[in-house]
Amino acid sequence: MQTETEAPVTELLSFRKVTRRYGALTALAGIDLDLSAHAVTAMVGPSGCGKSTLLELVAGLQEPDEGIVDVLGATAAADRRQACAYMPQRDLLLPWRDALANAALALECQGVARSRARVRAVPLFERFGLTEFEHARPAALSGGMRQRVAFLRTLLQGRPVLLLDEPFGALDAITRADLREWLAAALADEPRTVLLVTHDVEEAVFLADRIVVLSPRPGRVVADFEVDLPRPRSVTSTAFAGLKARALEALKA
Amino acid sequence: MRVALAVALVCLFVLAWQGIASLESVDDLTLASPVETFDALQDDWGLLMDNARVTLVEVVLGLALSVAAGVLFAVSMHLLRPLRDAAYPLLVGSQAIPIVVLAPLFVLAFGYGIGPKLAIVALICFFPITVNLLDGLRSTPPELLKLMRSMGASRLRTLRSVELPAALPSLFSGLKVAATVSVIGAVFGEWAGADEGLGRLVLLGNNQLQTPRVYAGIVILTLMAVGLFALTALAERVACPWNRKESLA
Ligand SMILES: Nc1ncnc2c1ncn2[C@@H]1O[C@H](COP(=O)(O)OP(=O)(O)OP(=O)(O)O)[C@@H](O)[C@H]1O
Ligand SMILES: [Mg+2]
């Protein structure tokens, strides 16, 4: 059973000469990219290079100063918002709601009544092994658990495109590795068009079908390559190490 | 431990009060000692309670009125930026009005009944409630508002699900301030003209040189304010369990 998504108009997520400035500061300079739907694309880049800005542009939360962002045929900001589910850098769970109600908020925003929204969120908690945490408030959850709940909230929006902004950025190494596998399984189960921002190269190679490397600010595309490894992926394989080295090389350049 | 310290401090205060009142140079008509006050509390218990009930009703109804008006004002000002800019000076100005001067005019306009007392209590309490709630509503993290927008939430949904719950602790902060000043408001209201109430009893006692009765009235007024404060704090713990500070647990 998969969460319903709306049918996309085109099969592409594209940037045409997209530039974004904050006053005198240029965050993104002339981004030109075509990303295919139903694939996981990882955006890797140093801190402050404009990764979050890029996601917010796709999400329709910002407008580019120049160029066009096209999300499966939607170019207006309001239409892009309809096409995307955005998972921000911090989990932003509401401290007064339990885990289930936090995830259900995604449905309430679409006009579903509170109790019905809760009921509809339950199967997702079951599928992703979070049943025993349904009634826990965020303060009682570990960092890893909070990210999982935030991810379910993103999934429940039922949008064709998932935008994940450093979903594991604030976690320790062990939890990260754990959650990485959990997310890989979740995405195998719920295939969507995913744009994943990270500054962890290993995470990118582990999860993505394609890796786009950005330069330091102003962000430009400096490398762009496919990750052609079978899943589930093993971090210890030579092919894995080769791709990781290639991304690191591009980051340093 | 916290309670023991508070009790010890109150005892110390009462002892100091008794000490000062026993001094030769202190006139019995200016300062009644705790013992005299306690005697007055016993002797006049029925009279004090009858009047305290009147004042308590004024305070509670006035507070309820100010909460209703405060929430309505704060939410409207939050939703309508032009209204906020326009009404803020008026809001601050309302606090600059000397209540002592205004109270007799209220009585002149609305008579000796409960009306002017409610108006004065509400006028004093409305300010801390409105300002605190407005600040709380405005301090919602911008990322959270962004998230709600990305999920397609309407303005009203964001208000209901995010901004109002997040501002609840601020509302209670305002309510705690309001609870303590509300009693002073009721006393002012009664001084301006009343047939009953603790404020009036204290004023009469002052004129008739019944100093112990005045102090007994003050003690009850103080306990009333402390009780209202404690009730508000308790309501906050029940209404915002996520916001409980560990040190208070
Ligand atoms: N609202 C804003 N106003 C002004 N400058 C901003 C704003 N948002 C971002 N910036 C700046 O734009 C640049 C890119 O920001 P962005 O958040 O997109 O980077 P990032 O790659 O996500 O960084 P990080 O890895 O630290 O999350 C940064 O230098 C940042 O300081
Ligand atoms: Mg970022």
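Keeping all protein chains in place and using 1.4 angstrom, which order do A:Tyr22, B:Tyr112, A:Tyr86 fall into by accessible surface area, from largest down?
My answer, sorted largest first, is B:Tyr112, A:Tyr22, A:Tyr86.
Among A:Leu100, B:Leu201, A:Ala29, whose Cα sits farthest toward the positive end of the charge dipole of the protein assembly as shown (+1 at Cβ of Lys/Arg, -1 at Cβ of Asp/Glu, about the Cα centre)?
Highest projection toward the positive end goes to A:Ala29.
Quick one: pull the percent of accessible area on chain A belonging to carbon and sulfur, 1.4 Å probe, ligands and nucleic acids left out.
C and S fraction of accessible area: 53 percent.
Given Cβ point charges of +1 (Lys, Arg) and -1 (Asp, Glu) and nothing else, what value in debye, to the nearest 20, does the dipole of the protein assembly as shown about its Cα centre take?
Value, rounded to 20: 1180 debye.
For chain B, modelled as a GNM with alpha-carbon contacts under 10 angstrom, which of B:Ile220, B:Ile120, B:Ile97 fluctuates the most?
B:Ile97
What size of dipole, in debye to the nearest 20, comes out for chain A about its Cα centre when the only charges are +1 on Lys and Arg C-beta atoms and -1 on Asp and Glu C-beta atoms?
Dipole magnitude for chain A comes out near 480 debye.
If the reach is capped at under 21 angstrom between alpha carbons, list the lysines near B:Lys117, excluding any in the same chain fewer than eight residues apart.
Correct list for B:Lys117: B:Lys176.
Return the value, in Å² to the nearest 100, of accessible area buried between chains B and A (probe 1.4 Å, both sides summed).
Using a 1.4 Å probe on protein heavy atoms, the buried area is about 1800 Å².
Evaluate peptide B:165-175: per residue, the Cβ atoms of other protein chains within 10 Å of its Cβ; return the mean as an integer.
So the per-residue partner count for this stretch is 1.
Starting at the first residue of the range A:35-47, write each ³J(HN,Hα) from the Karplus equation 6.51 cos²θ - 1.76 cosθ + 1.60 with θ = phi - 60°, in whole Hz, x for Gly and Pro.
Calculated HN-Hα couplings, in order: 10, 7, 6, 6, 10, 9, 10, 9, 9, 10, x, x, 4 Hz.
First select every other residue whose beta carbon is under 10 angstrom from the beta carbon of A:Leu55; then total the charges, Lys and Arg +1, Asp and Glu -1.
That sum, taken over residues with Cβ under 10 Å, equals -2.
Give the share of C-alpha pairs in each 10 angstrom bin for the range A:1-147, from 0 to the last occupied bin, in whole percents, shortest bins first.
Bin by bin from 0 Å, the calculated values are 10, 32, 30, 23, 5.
Assuming a ≥ b ≥ c are the square roots of the Cα gyration tensor eigenvalues, decide whether the range B:32-244 counts as rounded (a/c under 1.5), prolate (otherwise, with a/b larger than b/c) or oblate.
prolate
Can you give me the solvent accessible area of A:Thr193 with a 1.4 Å probe, rounded to the nearest 10 Å²?
10 Å²
Which one, B:Val131, B:Val100, B:Pro141, projects farthest toward the positive side of the charge dipole computed for the range B:97-171 from Cβ point charges (K/R +1, D/E -1)?
Most positive-ward Cα: B:Pro141.
For the range B:32-244, with every protein chain kept in place, what is the accessible area per residue (1.4 Å probe, Å²)?
On a per-residue basis, the range B:32-244 sits at 47 Å².
Take the solvent-accessible surface of the protein heavy atoms, probe 1.4 Å, and return the percent of it on the range B:32-244 that carbon and sulfur atoms account for.
The C+S portion of the solvent-accessible surface of the range B:32-244 is 70 percent.
For the range B:199-214, in order, what is each residue's ³J(HN,Hα) by Karplus, 6.51 cos²θ - 1.76 cosθ + 1.60 with θ = phi - 60°, in whole Hz (x at glycine and Pro)?
Running phi through 6.51 cos²θ - 1.76 cosθ + 1.60 with θ = phi - 60° gives x, 5, 4, 5, 4, 4, x, 4, 5, 8, 6, 8, 4, x, 5, 4 Hz.
The values are calculated or read from the model by the stated rules, or taken from the named source; none is laboratory data. This structure is a prediction, so every number in the text was calculated from the model and none was measured. Ideal geometry is used to build each Cβ from the backbone, glycine not excepted, and the neighbour counts take in all protein chains shown. We work out accessible area using only protein heavy atoms, side chains counted, and drop any ligands, DNA or RNA first. Shrake-Rupley method; radii C 1.70, N 1.55, O 1.52, S 1.80 Å.
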